[in-house]
Each structure stands twice: as C-alpha cells, then as structure tokens.
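J.: Before anything else, here's the structure in question.
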Amino acid sequence: MDLSPEQLEALRQSAADMAIVAAAGTGLDPDIIRKFFLAAKQFVVTHKAVLKDKHFAFVLGKITSGHKLTKQRMAQELANGKSVIEVDEELAFVSAQSGKVTLTGAQERGNKARSIELLCWGTWGFSLAAGVLLKDEDLSNPSSVPPTPNQWKRPIAQIVEILDDHMGRVVKREQGVKYWKDKGKRILLNPDGGTERIFHRSLFWWLGENVSDLIRIAGETRGLGQDAMDILMVTSAGSFIIEVKWLGNNGSKKYGQLRIDQGLLQVKLYLENDKALIWGHLVCYDGRSEEAHLKESCFDASQKHADCLEPSILFLDSKTPSEIADALKK
Amino acid sequence: MNEQGKVLLRIRDVAFALHTAGDYGQALNRIRLQKFVYLVDVLGKCFEVLPPQARHIVYRHGPYDKRVQNAVDVLAFRGFVKIVKAVADESGNLSTDYVLSGAGQKWVAAMLRSEVFLARYGVARAVGEEVERLGWHRLRELVYAEPTFVSNRPLGYGRVLKTADVRTRSAGSLLTLADRILSAGFPSPQVTPRLLTRAFFDYLERYARISG
C-alpha cells in the first residue's frame, strides 16, 4: 500500500503505542496494559536510588491484592532472591518468585504464559509482551526530545547502506558497542545471553531509529520455533526479517563458515513458513582473522531462499587507528 | 437488491446509529448521522460484516448516501425517530437533530432479539465507544481522516467511496496493514475486531492531528 508521509507517520505513531501492540500479542485489555507499564516505570524512576544496581522483572498479574507495592517490600523480596514480582495494573503486589532476570528468561516466561512484563536492569527497562521485545529504553531518561532531522535515515530498500552506516557509526572501533574481550587474540565478549545479543541489540536500536519507512520493529521473536536472534520489521510494502549471527571465537564457542549456511537456512525457513514476510537478510559480524574473513566467507547457495539477499559478512576490526596507520605506511 | 431493499437496510443502520448515539446522550443531525453510518460501513470489514451494496459518495459535507437520509425520513414519518431540534443555517439549510423515540427504542430492542442483526449492531457499538472515547465533536475530523475519503475527496463530488477495496489506498487496505503490524512477531496474535477498531480510530485521530 502506497502511503502519504502523513499516513505513514500516523501509522508509525499508532504502532508505537505499546499497549495496543501488547494487547495484540496477549489478548489483554490495552488500557490495563497501559496502566501497568506507566505504574511500573514510575515505580522504577521514583526508587531509582535503591533499584539502580538491581535486576528484576515486573509481571502483570491477573489477581488484585489491593496492597500497593512499597519500596520496602520490593527491597525485601529482592534480598530474598525473589526478583520476579507479579503486580496488578495499579502496582498492587500479587506475588514474588525467583526466576531468571535475563532477556532470554523474560522471553521464555512471557512466551509460555503470554504475559506482559517490564524487565529492569537498574533503570534500563525492556518492555515485553508474550515474550516479544517491544522496546528497551532508559526509564529515568525517556526520550522526550522532539525529533530532529536525521541524516542517517534511509528506506529499508537500502539495507546494505543502512548496515554500512551502522558499522561506520556504531560498530567500528567499538564506538557505540563493546564486543572485544581480548582484541589482540580476537576473542569476543560472551555476556549473559550470548555474543549474538551484543550485535542484535545494537542493530535493533539502529534500525528502529534509522529506517525511514519502518512502521514497527519487533525483536527476538520466537513465533516460528526458531532461534530467537532475529529482527522483524514491518513497512507498508511488507515485512522483513533480519537474522543476526557472529563468527569467530568468544572463549567458549567458535563459529566459522558453516555458521553462514546455518543462518541462511534459518532465514529460508522463516520465509517459507511465514507468507507475510517478503524479504530476508543474514548479517554476520565477523570476529575471525582477516585472512579467514577473506577466504572463508563463501556460502552454500542452495541454502539461500530466493527472497533472501546475499549475506552481509561484516569484518570486526581489532586494530587501533594508529596500528591501521602504521600498516598503511608499510 | 432493489432500491426499496437498500433503503430498508439503511433503516436498520440508522436505527442502530441513533440507538448507540442515544446511549451516550448524543443526538445526530443529518450530517453527523451520515458520518456515523459511514464509519460503521468502514469498520464492518473488521467484524466480517459485508459492506452494503448501497455506497457513500463524496459530497459537500463528507461521505453521503442518499438512502441514509431517506431512511431517517421514513423512520421519522412512522414515529420511530423524533426531531428534537431544527435550525436553519446562514444558507437557509435546515439542520435537524434526530433521536430514537420510545417506539424506536422498542423496535431496536425487538430487532436485537434476532441474531441476524447482532453483528451489525456490534459494529455500531464499537464505533460508538471509539467516538465517545475521542469526542463526539471530532466525528467530522475522524471521517475526514479515513483513507478512502482522503484519497477520493480531491477528485470531486460524486466519487463512489469503495472503502473495502484493498487494491487502492482505502480503509480496507489500511485495516489489512494494521492487522499485519499488530500481529508481527507474536506466536499467537490476538487481534480481535474490537482491538483493530481501536487501532484504526487511533490512526484516524493521529492522522487528523498530523494533517492539521
């Protein structure tokens, strides 16, 4: 559907309404969801001095106790190792359980119970519905700044250029995201949730900010039973999937050329199973040696779906600017 | 379907529109009645209610179907609708506010005992809830933000408003797209007709604000 700029903007604003989108994923009342997110975010901001170093999750419960969650009660539950706090939409306490407060943990929980959740790492909040990441943001510093002209905005059709922009502005030389554990030995970081998540989150954010015809972006979807590392983008022209992989060594796993084919197969399955998808792309962040990058970045064309672009294998440079300058002099 | 049959269907639509508006303490004049019925036609797609063969066209004060006016005249003549206010504007056009009479209320209640009318009535209720949420005074701007009307309005009076035509920039296309946007990524999406209606009205409200 060909939309005017005003229609696209109105649609984009509507799709940014988390309560409506979350209701579509869970079947719950959007007004209740809206109240829950507001109350939970407000609580985190009000008590940020106490909560700033804590990892916890608020889950929207269906029963109301009537007793509002207090700072003291929260501190007590966290001290007892109960980090998953079930509350109602007014933030009345329902129950507290121990549970994973990682993004993967929240996704598994939400996917199983089709629940609404605000996962917090200090004041950084991840809003999820039915295990799908809707938004991640700094709750203590909401982006209330009016939008300014953005020179990096491009339509999704220019995905290769979009990935180049992201590499140049964020990934290269770790300007906006840290991924080396040992630069010299080219060993990548392996944080909780895995190495893939480093690149996934960074790209998810960049695409959300810079794809000009984007209406909605969803992260870490598990709808088709595949690996969770993917990004789904909806535009008026159709839906697009991006699969994110890493290559190299993270101290625990090593991935080489075979990983590219695995990623392509994954994208192929997505495209075959979901007719709403019109296009797919595999992005591999390559932490292998420069030689391996140049010689072992081929892929098995039989694994590539016709609607999947050729994969982007993006080399992660570990040299400092002065090392690069020295190498160029030689 | 012959002309009489088409007017009969509009008699039902007008009765449901006035019944719904009345529940919110609203009387509808002929122009607002046209707009309300138009939105019910548009949203029928979400509830899998087929659009009527009788269609609105682009006219002076927005979408217009002459059978809606015929229907309300018939209902008033038969005593099912009361005219509560009649004022002439500067051009001498008479503006009348309509509400259901006691007999009209009873007739709607009798219709709703039959399942065949419930789906169409459900659409009118959903539209009523949304207009109540956003403000009855905004009915005009909401209709003027509807994509089929937006596309056809510049092309002049008399254009038929094919709201369900998904090959064009219509409400039907937008509802299909909205369904896709809302469902994206979820393992078992729960995009109910009511939720889609809500999202559609949110879109209309935002478009009206953006386009000024």
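The values are calculated or read from the model by the stated rules, or taken from the named source; none is laboratory data. Keep in mind that what you see is a predicted model, and the values were worked out from it rather than measured. So basically every Cβ, Gly included, is an ideal-geometry build from the backbone, and we count neighbours across all protein chains shown. Note: accessible area is taken over every heavy atom of the protein model, side chains too, but ligands, DNA and RNA are not part of it. Shrake-Rupley method; radii C 1.70, N 1.55, O 1.52, S 1.80 Å.
J.: How big is the accessible area of A:ARG173 in square angstrom, nearest 10, if you roll a 1.4 angstrom probe over the protein chains?
T.: Looks like 120 Å² after rounding.
J.: Do you know the relative contact order of region B:3-211, to the nearest whole percent, from alpha carbon pairs under 8 angstrom that are 6+ apart? List each step's numbers first, then the result.
T.: Numbers: 276 pairs, mean separation 50.6, N = 209.
Worked out over region B:3-211, it gives 24 percent.
J.: Right, here's the next one. What accessible area, summed over both chains, is buried at the A-B interface (1.4 Å probe, Å², nearest 100)?
T.: On the way: alone 16500 and 11180 Å², together 24880 Å².
Between A and B, the summed buried area is about 2800 Å².
J.: Additional query: State which entries of A:LYS35/A:LYS100; B:LYS35/B:LYS66; A:LYS181/A:LYS245 exceed 21 angstrom in Cα-Cα distance in the structure shown. Mind dumping the intermediate values first?
T.: Numbers: A:LYS35/A:LYS100 24 Å; B:LYS35/B:LYS66 12 Å; A:LYS181/A:LYS245 18 Å.
Long pairs (Cα-Cα over 21 Å): A:LYS35/A:LYS100.
J.: Sum up the charges of everything whose Cβ sits under 12 Å from the Cβ of A:TRP124, counting Lys and Arg as +1 and Asp and Glu as -1, but leave A:TRP124 out. If you can, show how the numbers build up before the last one.
T.: Values: positive: A:LYS41, A:LYS48, A:LYS52, A:LYS54, A:LYS135, A:ARG201; negative: A:ASP53, A:ASP136, A:GLU137, A:ASP138.
It works out to a net charge of +2.
J.: Beyond 34 Å, what share of the Cα-Cα pairs of chain A is found? Please give it as a whole percent.
T.: Details: 15837 of 54285 pairs.
Cα-Cα pairs in chain A separated by more than 34 Å: 29 percent.
J.: Measure nothing but the geometry: give the 0 to 90° angle between the long axis through the Cα atoms of A:103-113 and the longest principal axis through the Cα atoms of chain A, rounded to 10°.
T.: The two axes meet at around 60 degrees.
J.: Related question: With the other protein chains left in place, how much accessible area per residue, in square angstrom, belongs to region A:3-66 at a 1.4 angstrom probe?
T.: Working: 2810 Å² over 64 residues.
Per-residue accessible area for region A:3-66 comes out at 44 Å².
J.: Kindly report, to the nearest 10 Å², the accessible surface of B:SER95 as traced by a 1.4 Å probe over protein heavy atoms only.
T.: B:SER95 exposes around 40 Å² with every protein chain in place.
J.: What residues of region A:1-43 lose no less than 40 Å² of accessible area with every protein chain in place versus their chain by itself (probe 1.4 Å, heavy atoms only)?
T.: Buried-area filter returns A:MET1, A:GLU6, A:GLN7, A:ALA10, A:LEU11, A:GLN13, A:SER14, A:ILE20, A:ALA24.
J.: Let me check I've understood the local charge: for A:ILE313, count other residues with C-beta under 11 angstrom from its C-beta, Lys and Arg +1, Asp and Glu -1. What total comes out?
T.: Numbers: positive: A:LYS245, A:ARG259, A:ARG288; negative: A:ASP286, A:GLU296, A:GLU310.
Taking every Cβ under 11 Å from that of A:ILE313, the sum is 0.
J.: Moving on to the next point. Relative to the first principal axis of the alpha-carbon coordinates of chain B, what is the inclination of helix B:3-23, with its axis defined by its Cα atoms, in degrees from 0 to 90 and to the nearest 10?
T.: Rounded to the nearest ten degrees, it is 80.
J.: Could I ask something else about it? For chain A, which whole-number percentage of the solvent-accessible area (1.4 Å probe, protein heavy atoms only) is attributable to carbon and sulfur atoms?
T.: Working: 7820 of 15160 Å².
C and S atoms contribute 52 percent here.
J.: Considering only B:ARG180, B:ARG120, B:ARG198, give the residue with the highest GNM mean-square fluctuation for chain B, with springs between Cα atoms whenever their separation is below 10 Å.
T.: Top of the fluctuation ranking is B:ARG180.
J.: Keeping every protein chain in place, order A:TYR270, B:TYR64 by accessible area at 1.4 Å, biggest value first, i.e. largest first.
T.: Sorted descending by solvent-accessible area, the residues read B:TYR64, A:TYR270.
J.: Ranked from the most accessible area to the least, with a 1.4 Å probe and all protein chains present, what is the order of A:TRP124, A:TRP180?
T.: My answer, sorted largest first, is A:TRP124, A:TRP180.
J.: Output the antiparallel fraction of DSSP beta bridges having both residues in chain A, as a percent to the nearest 5.
T.: Working: 38 of 58 bridges.
Percent antiparallel among DSSP bridges in chain A is about 65.
J.: So, one more: At a 1.4 Å probe radius, carbon and sulfur cover how many percent of the accessible area of region B:3-211? Don't skip to the end; give the middle numbers.
T.: Details: 4840 of 9410 Å².
Reported share for carbon and sulfur atoms: 51 percent.
J.: Right, next: Heavy atoms only, probe 1.4 angstrom, no DNA, RNA or ligands counted: give me A:THR104, B:THR96 ranked by accessible area, highest first.
T.: The ranking, largest first, comes out as A:THR104, B:THR96.
J.: Which value, in Å², gives the accessible area per residue of region A:79-123 when a 1.4 Å probe is used on the protein heavy atoms? Provide the component values of the computation, followed by the final result.
T.: On the way: 1720 Å² over 45 residues.
That works out to 38 Å² for each residue.
J.: So what's the net charge close to A:TRP206: Lys and Arg +1, Asp and Glu -1, counting the other residues with Cβ under 14 Å from its Cβ?
T.: Values: positive: A:LYS153, A:ARG154, A:ARG169, A:LYS172, A:ARG201; negative: A:ASP136, A:GLU161, A:ASP164, A:ASP165, A:GLU209.
Around A:TRP206, the surrounding residues sum to 0.
J.: Leaving out ligands, DNA and RNA but keeping every protein chain, what accessible area does A:GLU209 have, in Å² rounded to the nearest 10, with a 1.4 Å probe?
T.: We get 90 Å² for A:GLU209.
J.: I'd like the orientation of helix A:30-46 relative to chain A: the angle between its Cα long axis and the longest Cα principal axis, in ° from 0 to 90, rounded to 10.
T.: 90 degrees
J.: Test of understanding: extend the Cα→C-beta vector of B:TRP136 to 7 Å, then name every residue of region B:1-17 with backbone N under 19 Å from that spot.
T.: B:13-17
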